[in-house]
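Here is the structure we will look at, set down as structure tokens.
The values are calculated or read from the model by the stated rules, or taken from the named source; none is laboratory data. Only a predicted model underlies this, so the values are computations on that prediction, with no experimental measurement involved. Glycine gets a Cβ as well: all are built from the backbone with ideal geometry, and neighbour counts include every protein chain shown. Side chains included, ligands, DNA and RNA excluded: accessible areas come from the protein's heavy atoms. Shrake-Rupley method; radii C 1.70, N 1.55, O 1.52, S 1.80 Å.
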Amino acid sequence: MVPKNEYAPYFEQYIKLVNQNKSILENLIDSQTDFESTLRNIQSHKHMYSYAKGKWTLKQVVQHLIDTERVFTYRALCFARNEPNSLPGFDQDIFSTYDNANTQNFKDLLDDMAGVRKSSIALFKSFSEEALVRKGIASKQEISVRALGYLFSGHQLHHLNSVKERYL
């Protein structure tokens, strides 16, 4: 279980989506499995679908998950290694403006997400219990390595739920 003092209140919307009776690794594997089983079978005419004007296409949603997990994995690594400096935030809207997701092959995006998740799993396998409870500052908010581990799965589940509700 991740105590609420290990993350900013904003992140609770994601952390509450994971099963905290399971380990970080189990959640990372389970959420990726759910993601894969849903998105690998989506017909190609849906890849560029956006449910409303100004909303991301399905390709952009996948790219957003890739980008976010890469940024947050870096944070987890820094905090596990006891980085004393505060890390900057990132603006998901700026990232999506310059991500070229819509020009990429959908299968390639899914393969990229699978690779990023595999790397995240390997990273979290390497962390000691002591490293998991270390905290650092990112986006002017304190967060623990453990909270980041659960956040990855919760963030992916949040967007997977959105895909099921609005894109399929």
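Straight-line reach from Lys107: which lysines have a Cα under 16 Å away, not including same-chain ones fewer than 8 places off?
Filter leaves Lys46, Lys59.
Amide H neighbours of Gln20 under 5 Å, counting only residues 5+ apart in sequence or on other chains, H built in-plane at 1.01 Å?
none
Given a 1.4 Å probe, how much area per residue of the chain is accessible, in Å²? Can you show the working numbers first?
Values: 8910 Å² over 168 residues.
Heavy-atom SASA per residue in the chain reads 53 Å².
Aspartates and glutamates near Lys140 by alpha-carbon distance under 14 Å, same-chain residues fewer than 8 away left out - which ones?
Within the straight-line limit of under 14 Å, Lys140 reaches these aspartates and glutamates: Glu6, Asp91.
If you roll a 1.4 angstrom probe over the protein chains with everything in place, what fraction of the accessible area of the chain belongs to carbon and sulfur, to the nearest %? Spell out each step's value before the answer.
On the way: 4490 of 8910 Å².
Roughly 50 percent of what the probe reaches on the chain is carbon or sulfur.
Quote the accessible area belonging to Glu36 in square angstrom, nearest 10, computed with a 1.4 Å probe and with ligands, DNA and RNA left uncounted.
Roll a 1.4 Å probe over it and Glu36 shows about 40 Å².
Using only helices, what value at 222 nm comes out for the chain when you add -39,500 (n - 2.57) per DSSP H run of length 4 or more and divide by the total residues, to the nearest 500 deg cm²/dmol?
On the way: 7 runs with 92 residues, N = 168.
One gets -17500 deg cm²/dmol as the mean residue ellipticity at 222 nm.
Which of the trypsin sites (Lys or Arg not before Pro) across the range 42-78 are loop residues per DSSP, with 11 or fewer other Cβ within 10 Å?
Numbers: sites: Lys46, Lys53, Lys55, Lys59, Arg70, Arg75; in loops: Lys53, Lys55.
For trypsin sites (Lys or Arg not before Pro) across the range 42-78 that sit outside H, G, I, E and B with at most 11 neighbouring Cβ atoms in 10 Å, the list reads Lys53.
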